[in-house]
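Below is one structure; the comments refer to it alone.
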Amino acid sequence: MPMEKKGPYIITEQPGTKYYCACGMSKTPPYCDGSHKGTGKHPSRVEILEEKEVAVCSCCRSADFPWCDGSHNAPGN
Ligand code: FES
């Protein structure tokens, strides 16, 4: 089981295409590094249109993935 960070990654993103890790195995979280190969999971592709601060989910439990929705605070998480 990969290590989990408690809480989201707060990042000031620049415009461009981002691939956020959805398998929890990336060594460069929250970004995909290809470690999902063979897991059946795929990164979340997002187009960032302008510089903005984002809260990227690190627990893979958000209903609004790749964005944090606070699910990391749910009991048992
Ligand atoms: S880090 Fe907040 S819902 Fe996953």
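No lab work stands behind these numbers, since they all come straight from the coordinates. Because the structure is a prediction, the values reported are computed rather than measured. Note that we place each Cβ from the backbone using ideal geometry, even for glycine, and neighbour counts take in every protein chain shown.
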Volume in Å³ per residue [convex hull over Cα atoms, computed for the chain]: 91
Could you pull out every one of the lysines with an alpha carbon less than 16 Å from that of Lys37, ignoring same-chain neighbours closer than 8 positions? Lys27
When the charge dipole of the chain is computed with +1 at the Cβ of Lys and Arg and -1 at the Cβ of Asp and Glu, the Cα pointing farthest to the positive end, of Ala22, Asn73, Thr39, is that of Thr39
Using the crude model of +1 on Lys and Arg Cβ and -1 on Asp and Glu Cβ, and no other charge, please compute the dipole size for the chain relative to its Cα centre, in debye to 20. 400
Counting other Cβ atoms within 10 Å, which GluC sites (Glu not before Pro) in the stretch 5-59 have at most 11 and lie in a DSSP loop? Glu50, Glu51
Restricting the chain to trypsin sites (Lys or Arg not before Pro) in coil, as DSSP defines it, with at most 11 other Cβ within 10 Å: Lys6, Lys27, Lys37
Which aspartates and glutamates, on any chain, are close to Lys18 with Cα under 12 Å apart, when same-chain ones fewer than 8 places away are left out? Asp33, Glu47
Proximal aspartates and glutamates to Lys6, defined as alpha-carbon separation beneath 14 angstrom and excluding residues fewer than eight positions away on the same chain: Asp69
